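Trainee: Before anything else, here's the structure in question.
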2 protein chains.
Amino acid sequence: MSNAELDILRDKVDEINLKLLDLINERAHLVQEIGKAKEVQGVNQYDPVRERHMLNLINENNNGPFETSTLQHIFKEIFKAGLELQKDDHRKALLV
Amino acid sequence: MSNAELDILRDKVDEINLKLLDLINERAHLVQEIGKAKEVQGVNQYDPVRERHMLNLINENNNGPFETSTLQHIFKEIFKAGLELQKDDHRKALLV
């Protein structure tokens with residue numbers, strides 16, 4: 001493979017990174033909305049049953065090459081970041 | 001917000017999770033191709049300059065709500081998983 005071909009592959013990776021970035025932030029907006037709704041309902045934001053459902057969905061739809069355990073590890077980091085965002089919103093709401 | 005509305009938001013999150021899953025695996029295929037090419041060239045697979053470039057791109061294109069540091073943490077996990085995949089391929093190639 002030539003260096004030019006390698007650069008094409010790297011450009012494709014960059015494109016995917018930007019799509020991932022947008023989707024992760026789009027997900028974060030939804031998680032913020034869910035957090036606000038749960039706050040009104042007085043429900044705890046962390047929901048282990050819901051998290052288990054999402055992790056199962058990853059497992060059922062994984063066509064590789066990553067192992068499901070690797071993907072679930074990455075998704076847990078995304079979930080954790082979402083939860084932190086909800087907590088920040090909650091703190092800000094208390095300060096208003 | 002009603003529970004039905006909450007369910008709609010959760011369905012949207014599930015949809016995004018599946019898109020993320022597909023993109024992360026698509027990225028992994030590209031990373032495998034890059035790994036094979038570098039192996040032929042005898043180049044080290046971990047490339048800190050390339051990683052820095054990708055992290056900068058995240059920073060420049062981040063429209064929130066996540067902080068760049070949070071996103072870079074998530075992406076580092078994705079990069080790490082990609083590197084592990086290349087190492088596995090390398091080990092398998094040695095065993096052939």
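The values are calculated or read from the model by the stated rules, or taken from the named source; none is laboratory data. The structure presented is a predicted model; accordingly, all values stated were derived computationally and were not measured. Every residue, glycine as well, gets a Cβ built from its backbone with ideal geometry; the counts of neighbours run over all protein chains shown. Areas reflect the complete protein model, heavy atoms only, side chains present, ligands, DNA and RNA absent. Shrake-Rupley method; radii C 1.70, N 1.55, O 1.52, S 1.80 Å.
Trainee: Let me confirm one metric for peptide A:65-71, namely the mean number of other chain beta-carbon atoms within 10 Å of its residues' beta-carbons.
Mentor: Average neighbour count from other chains, rounded to a whole number: 6.
Trainee: How many Lys pairs in chain B lie less than 30 angstrom apart by Cα atoms, where the lysines are 8 or more positions apart or on different chains?
Mentor: Lysine pairs, 8 or more places apart or on different chains, close enough: 19.
Trainee: Could you rank B:22, B:89 by how accessible they are, 1.4 Å probe, largest area first? Numbers along the way, then the final one.
Mentor: Details: B:22 85, B:89 40 Å².
Reading off the accessible areas and sorting them downward yields B:22, B:89.
Trainee: From the label point of residue B:48, set 7 Å along Cα to the beta carbon, how far off in nm is each other copy's matching point, shortest first?
Mentor: Spacings between copies for this position, smallest first, are 4.1 nm.
Trainee: Ordering A:31, B:96, A:49 by accessible area with a probe of 1.4 Å, largest first, what comes out?
Mentor: Values: A:31 15, B:96 155, A:49 110 Å².
Descending accessible area places them as B:96, A:49, A:31.
Trainee: Could you identify which residue out of A:36, A:19, A:76 has the top mean-square fluctuation in a GNM of chain A using Cα springs shorter than 10 Å?
Mentor: A:19
Trainee: Shielding by partners for A:1-13, please: the mean number of other protein chain Cβ atoms within 10 Å of each residue's Cβ.
Mentor: On the way: counts 7, 2, 2, 0, 3, 6, 0, 1, 6, 7, 1, 6, 10.
Average neighbour count from other chains, rounded to a whole number: 4.
Trainee: Considering only B:18, B:83, B:30, give the residue with the highest GNM mean-square fluctuation for chain B, with springs between Cα atoms whenever their separation is below 10 Å.
Mentor: Between B:18, B:83, B:30, it is B:18 that shows the largest mean-square fluctuation.
Trainee: Can I ask one more? For the range A:3-48, report the accessible area per residue in Å² (1.4 Å probe, heavy atoms, rounded to an integer).
Mentor: Numbers: 2410 Å² over 46 residues.
So the range A:3-48 comes to 52 Å² accessible per residue, rounded to a whole number.
Trainee: Which distances, shortest first and in nm, link residue A:88 to the matching position in the other copies, using label points set 7 Å out along Cα to C-beta?
Mentor: 3.3
Trainee: Ignoring everything except DSSP H segments at least 4 long, calculate the 222 nm mean residue ellipticity for the protein assembly as shown; use -39,500 (n - 2.57) per segment, divide by total residues, nearest 500.
Mentor: On the way: 6 runs with 162 residues, N = 192.
Rounded to the nearest 500, the figure is -30000 deg cm²/dmol.
Trainee: Next up: Just tell me how shielded B:82-93 is by partners: mean number of partner chain Cβ atoms within 10 Å of each residue's Cβ, no decimals.
Mentor: Average neighbour count from other chains, rounded to a whole number: 1.
Trainee: Which loop-located chymotrypsin sites (Phe, Trp or Tyr not before Pro) does the range B:5-96 contain, where loop means any DSSP state but H, G, I, E or B and the Cβ has at most 16 other Cβ atoms within 10 Å? Numbers along the way, then the final one.
Mentor: Values: sites: B:46, B:66, B:75, B:79; in loops: B:46, B:66.
Listed in order of number, the matching sites are B:46.
Trainee: Let me ask something else about it. Closest to the B-onto-A rotation axis, which residue of chain B has its Cβ, and how many Å off the axis is it?
Mentor: Here the nearest residue and distance are B:77, 3.
Trainee: While we're on this one: Counting pairs of alpha carbon atoms under 8 Å apart in space and at least six apart in sequence, what relative contact order in percent does chain B give? Don't jump to the answer; show the numbers that get you there.
Mentor: On the way: 27 pairs, mean separation 34.2, N = 96.
Reported relative contact order: 36 percent.
Trainee: Let me ask you something else. With every protein chain in place, what's the accessible area of residue B:50 (1.4 Å probe, Å², nearest 10)?
Mentor: Counting only protein heavy atoms, residue B:50 exposes about 40 Å² to solvent.
Trainee: Can you tell me the 0 to 90 degree angle between the C-alpha axis of helix B:48-61 and the longest principal axis of chain B, rounded to 10?
Mentor: Helix B:48-61 sits roughly 20 degrees off the main axis of chain B.
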